[in-house]
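A short worksheet on the structure shown next.
The values are calculated or read from the model by the stated rules, or taken from the named source; none is laboratory data. These numbers were taken from a predicted model, which means no experiment stands behind them. No Cβ is skipped: glycine too gets one built from the backbone with ideal geometry, and neighbour counts run over all protein chains shown.
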Amino acid sequence: MPSTNEYFPTVGTISFEGAESDNPLAFTHYDENRLVAGKTMKEHFRFAVAYWHSFCNENSDPFGVGTRKFPWDKSADAMDNANYRLDAAFEFISKLGVPFYCFHDRDLAPEGKTIAESEKNLNEMVARAKDLQNETGIRLLWGTANLFSHPRYMNGAATNPDFSVVCHAAAQVKAALDATVELGGENYVFWGGREGYMHLLNTDMKRELDNMGVFLRGARDYGRKIGFEGTFLIEPKPMEPTKHQYDYDAATVLGFLHEQDLAKDFKLNLEANHITLAGHSFAHDVQLAAQSGMLGSIDANRGDAQNGWDTDYFPTNLYDAVEVMMILLEHGGISPGGFNFDAKIRRNSTDPEDLFIAHIGGMDTFARGLLIAENIINNQEYKQLRYGRYSSFDSGNGKEFEEGKLSLEKLRELAISSAEPEMISGKQERLENLVNRFLT
Ligand code: XLS
Ligand code: CA
Ligand code: CA
């Protein structure tokens, strides 16, 4: 890219300099070719940049206009600017050295006055994105449709009580699936921001949930018809913007997917900040999804212990990263999903380099988490303390119980014939201390 067209001229390619480096524009732990547990770091994480926060979000809040300046907004024409923005995005992602990106249809191309015009705008931008993907080697982790910003979606998209809004949502999902397939996207996400309710008094919840099932089966069938072989993902969130979102958390969505006959094609895209909003730890939902074979992808960010909303901070909490990477190492990793930085720089982070620094921090946090997690899960003491607790099920009656061979009456007989169980410590503090030993 000629330097005159650069959007981040003060920043060059970010490289790995090692833990001793104090260069804020270098990686200290993310060394993409370093092998850990049989895979490179690049393969472990499959990091992605989120188009919306990084290139579309001006960082306004309910009290003030945006503080970010977009050098790619150079024209009065929205499509011209969409092209400049795409150039800026590919420059940024190339310099950062991240292999993937993710977008909503409306991030990439502006909505037109008609469905046909919106589709034309999107197709034009997809063609240009395809060229840039080929030039740079950057790939699409997932695409999605923005079914929450336009006023028509104020009462929901697939769950809207008005059928004509459901049709508009379908038109958008069809075009976004076409775009995702054209760009070789490896996953397709549904985040139901307005699939929920503001009050039960005006809501037929059963009907809305069933309609969502019909809608998603239709989207799946269309996707498979046009050759989409990737994973469909649902992203849980308990609230915001609705008072109650139907895709509340991992457990809720897993139940819904099974009930609606969607579990074979769909998995979960888990966002850290959404999980904590639902009252769980980040690791809890990752564990739940991973153990069910339903972990699709991760939106990497973090909330704020003092705030009850979706702050979308960049992830810098090492302890969280360690816990999550332990689960991933024990369950075979995240591919074909990845770690998408669904995070935004703060409203007062206004230097162009801040966007790089934020991503570097997130990547280094997870890389460091991976290295620490590998040491912990290979530690004999950890294995014994965690898995040794269940040794009474490894043989004899305990094993037969797990195999479903003992009736409730038989279990009662065994209780009578054995002594009062001894107290066996859970050793929580010892395990916490063990983890802290590895955090240095
Ligand atoms: C908003 C969501 C959204 C999805 C994609 O809270 O995180 O950005 O990831 O629609
Ligand atoms: Ca998200
Ligand atoms: Ca979020």
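The table for this structure:
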quantity	calculated
Residue match in the range 62-71 (condition: out of contact with any Asp or Glu (no Cβ under 6 Å at 6 or more places or on another chain), within 16 Å of ligand 3 (Cβ to nearest atom) and under 30 Å from W309 (Cβ atoms))	no
The one condition in (1) away from ligand 2 (no atom under 16 Å from the Cβ); (2) outside any helix (DSSP H, G or I) that L209 fails to fulfil	(2)
Which numbered condition T311 fails, given (1) within 30 Å of L35 (Cβ to Cβ); (2) in contact (Cβ under 8 Å) with a residue 24 or more places away in the chain	(1)
Filter result for T231 (closer than 23 Å to V181 by Cα, buried (at least 17 other Cβ atoms within 10 Å of the Cβ), among the hydroxyl-bearing types (S, T, Y) and in contact with a strand residue (DSSP E or B) (Cβ under 9 Å, 6 or more places away or on another chain))	yes
Tally of residues being among the acidic types (D, E) and farther than 20 Å from C56 by Cβ across the range 100-139	2
Tally of residues being within 16 Å of ligand 2 (Cβ to nearest atom), of a type in the set (G, A, S) and under 18 Å from L209 (Cα atoms) across the range 242-278	1
So V36, is it surrounded by fewer than 19 Cβ atoms within 10 Å (Cβ to Cβ), away from ligand 1 (no atom under 16 Å from the Cβ) and among the β-branched types (V, I, T)	yes
Whichever residue in the range 279-311 is buried (at least 24 other Cβ atoms within 10 Å of the Cβ) and of a type in the set (D, E, K, R) and, among such residues, is farthest from ligand 2 (Cβ to nearest atom)	D285
I376 being in contact with a Phe, Trp or Tyr (Cβ under 9 Å, 6 or more places away or on another chain) and aliphatic (A, V, I, L, M)	yes
In the range 297-310, the residues that are modelled with pLDDT of 95 or more and touching an Asp or Glu at 6+ places or on another chain (Cβ under 6 Å)	D299, N301
Residue list for the range 8-60, restricted to those being of a type in the set (S, T, Y) and more than 24 Å from H331 (Cβ to Cβ)	T10, T13, S15, S21, T28, Y51, S54, S60
Residues being buried (at least 22 other Cβ atoms within 10 Å of the Cβ) and either of a type in the set (S, T, Y) or touching a Pro at 6+ places or on another chain (Cβ under 6 Å) (or both) - total across the range 251-270	1
Scan of the range 221-241 for residues that are among the charged types (D, E, K, R), assigned to a loop (DSSP other than H, G, I, E, B) and away from ligand 2 (no atom under 13 Å from the Cβ), ordered by number	E229
Pairs where the first residue, in the range 166-190, is under 16 Å from T114 (Cβ atoms) and away from ligand 2 (no atom under 16 Å from the Cβ) and the second is among the basic types (K, R) and in a helix (DSSP H, G or I), C-beta under 8 Å, 6+ apart	H168/R152
